[in-house]
Amino acid sequence: MFKPDQTLRTLLHRTVEQAVRYGKTLVLVTPDELRLQPAFFVALGHAWREANASHQSESGERSAMPRLRVDWCAPAKGVGWSTLQNKWHVRRCERTLQRERLTDCVQLSQCLLIGKASQHSSTIVLGITSEATELPEWTTAVPMQR
């Protein structure tokens, strides 16, 4: 069985691999009733920072750490109570990342459509969405098990 840190490292490794090798955005597909907590994003940020701690260019010079942009996609449901709760929850997660000083390496973005993987290595995109969301062709879905 994976430890949480090994699982996050594997997820991040696959995210980078999908972006660089295949030009696709890896998307973590969560069960509809699951809401990822701020601690998940903090652990993700620490794992990203650790994975990039010795990031060096091919010439051997130390270069800037690429940023992980997490596109957290929620299907549009109008302007109801659940939409407001989602916005507050995302803000709570963002504040936790700021408090942990992880905003230099992880950016949380609430969106309606998950972004396409970029050719630039300065930003890697990871998508997160629920099972109800229809994904574009430039994504690779990774369903979470219940």
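Conditions (1) closer than 17 Å to His13 by Cα; (2) out of contact with any Pro (no Cβ under 7 Å at 6 or more places or on another chain); (3) not in a strand (DSSP E or B), marked per residue:
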position	(1), (2), (3)
Arg91	no, yes, yes
Arg95	no, yes, yes
Thr103	no, yes, yes
Leu108	no, yes, no
Ala117	yes, yes, yes
Glu137	no, yes, yes
Thr140	yes, yes, no
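Remark: pairs (first residue in segment 48-72, closer than 19 Å to Ile128 by Cα and of a type in the set (Asp, Glu); second residue in a loop (DSSP other than H, G, I, E, B) and at pLDDT 85 or above; Cβ separation under 9 Å; 6+ apart in sequence or on different chains) = Asp71/Leu113; Asp71/Ile114; Asp71/Gly115.
Annotation: of all residues in segment 1-29 being in a loop (DSSP other than H, G, I, E, B) and farther than 9 Å from Thr140 by Cβ, the one that is modelled with the highest pLDDT is Gly23.
Can you tell me which residue in segment 83-126 is surrounded by the most Cβ atoms within 10 Å (Cβ to Cβ), limited to those that are basic (Lys, Arg) and touching a strand residue (DSSP E or B) at 6+ places or on another chain (Cβ under 8 Å)? The residue in question is Lys116. For segment 130-146, a residue qualifies if it is hydroxyl-bearing (Ser, Thr, Tyr) and more than 14 Å from the chain's Cα centre (by Cα), and exactly one does: Thr133. On the stretch given as segment 124-146, residues that are among the polar types (S, T, N, Q) and modelled with pLDDT of 90 or more total 3. On inspection, Trp72 does not qualify as under 18 Å from Arg14 (Cα atoms), of a type in the set (Phe, Trp, Tyr), modelled with pLDDT of 65 or more and part of a helix (DSSP H, G or I).
The values are calculated or read from the model by the stated rules, or taken from the named source; none is laboratory data. Predicted model, so just to flag it, every value in this text is computed and none were measured. All Cβ positions, even for glycine, are placed from backbone atoms using ideal geometry, and neighbour counts span all protein chains on display.
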